[in-house]
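Structure in structure tokens, see below.
The values are calculated or read from the model by the stated rules, or taken from the named source; none is laboratory data. Just so it is clear, the structure is predicted and the values come from calculations on it, not from any experiment. Here Cβ is always computed from backbone atoms with ideal geometry, including for glycine, and neighbour counts include all displayed protein chains.
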Amino acid sequence: MDTKNKLADALEQLMETKPLDSIFVTEIARKAQVSKQTFYHHFEDKYALMEFCYERMAIPTFEKMNKYYPFSEGCRDLYKLYHNKETFMRNAFSSKDVNGLTEVMFRHVRQTYRHYLAAQGVKDTGDIAFMLDLFTYGATILTKKWIERGMDTPDDELIRLWLKSLPAPLVPYFK
């Protein structure tokens, strides 16, 4: 296993018992059996490592959504992933750092929306860009609240509400 993935596995294991903001780089390096210098060779800080962890979990689904996958199926896959990684997600979302999961998720989801629309010939400019920014921010914050509450709303209900809350000009593009 390569060092980046060893560090990611170590962080995920540590986050099973405590929030990201309570974990120190020395703990991550020790758990991964590498030096602190090795950690910093691969990652700027623990938040960059947390982003790597999130990416290795979510990027395969985002990539499918960018190419051929129906959006509602992509959401279903992401929610399933979030259920499987519930403690990681909750402990990553609890971060108060500007580089915490809220910002990371916003960037990745927004980029996915941009690519998804581009594949359908829609430009991410003007009103479309504004609606996507607003919608992405709302979807990210509501996902965070859903995870913090213990994922109490069924996934299919979330997807139904998600689709229902799309701005009208975007509805034809998200199925």
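Considering only region 76-88, I want to know if a residue exists there that is farther than 27 Å from Leu49 by Cβ and more than 12 Å from the chain's Cα centre (by Cα). Outline the logic, then answer.
Initially, region 76-88 is screened for residues farther than 27 Å from Leu49 by Cβ, giving 76.
With the extra rule that they be more than 12 Å from the chain's Cα centre (by Cα), the set shrinks to 76.
Yes, region 76-88 contains at least one residue that is farther than 27 Å from Leu49 by Cβ and more than 12 Å from the chain's Cα centre (by Cα).
Additional query: In region 129-165, what residues are outside any helix (DSSP H, G or I), under 18 Å from Ser95 (Cα atoms) and among the charged types (D, E, K, R)?
Arg149 - this is the single residue of region 129-165 that is outside any helix (DSSP H, G or I), under 18 Å from Ser95 (Cα atoms) and among the charged types (D, E, K, R).
Does region 104-111 contain any residue that is of a type outside the set (A, V, I, L, M, F, W, C), touching a residue at least 40 places away in the same chain (Cβ under 8 Å) and more than 26 Å from Ala8 (Cβ to Cβ)?
no
Among the residues of region 18-37, which ones are of a type outside the set (A, V, I, L, M, F, W, C) and in contact with a Leu (Cβ under 8 Å, 6 or more places away or on another chain)?
Looking only at region 18-37, we keep the residues that are of a type outside the set (A, V, I, L, M, F, W, C), and these are 18-19, 21-22, 26-27, 30-31, 33, 35-37.
The answer is Glu27, Lys31.
Quick one: how many residues across region 103-123 are surrounded by fewer than 20 Cβ atoms within 10 Å (Cβ to Cβ) and part of a helix (DSSP H, G or I)?
Of the residues in region 103-123, the ones surrounded by fewer than 20 Cβ atoms within 10 Å (Cβ to Cβ) are 103, 106-108, 110-111, 114-115, 117-123.
Within this subset, residues satisfying the condition of being part of a helix (DSSP H, G or I) are 103, 106-108, 110-111, 114-115, 117-118.
Qualifying residue count for the region: 10.
Residue check, Asn84 against (1) touching a residue at least 40 places away in the same chain (Cβ under 8 Å); (2) within 29 Å of Ala10 (Cβ to Cβ), all met but one. Which one?
Asn84 satisfies all of (1) touching a residue at least 40 places away in the same chain (Cβ under 8 Å); (2) within 29 Å of Ala10 (Cβ to Cβ) except (1).
Scanning region 61-81 for residues that are without any contact (Cβ under 8 Å) to a residue 24 or more places away in the chain and hydroxyl-bearing (Ser, Thr, Tyr), which turns out surrounded by the fewest Cβ atoms within 10 Å (Cβ to Cβ)?
Out of the qualifying residues, it is Tyr68.
Can you name the helices (runs of 4 or more DSSP H) wholly within region 29-96 that have at least 2 residues being within 16 Å of Val109 (Cα to Cα)? Spell out how you get there, then give the answer.
Working: elements: 36-42, 46-67, 71-84, 86-93.
The helices (runs of 4 or more DSSP H) meeting that bar are 46-67, 71-84, 86-93.
From the list Ala58, Ala32, pick out the single residue that is at pLDDT 90 or above, within 24 Å of Ile147 (Cα to Cα) and either surrounded by 20 or more Cβ atoms within 10 Å (Cβ to Cβ) or hydrophobic (A, V, I, L, M, F, W, C) (or both). Quick ask: steps written out before the conclusion?
Working: Ala32 fails: within 24 Å of Ile147 (Cα to Cα).
On inspection, the qualifying residue turns out to be Ala58.
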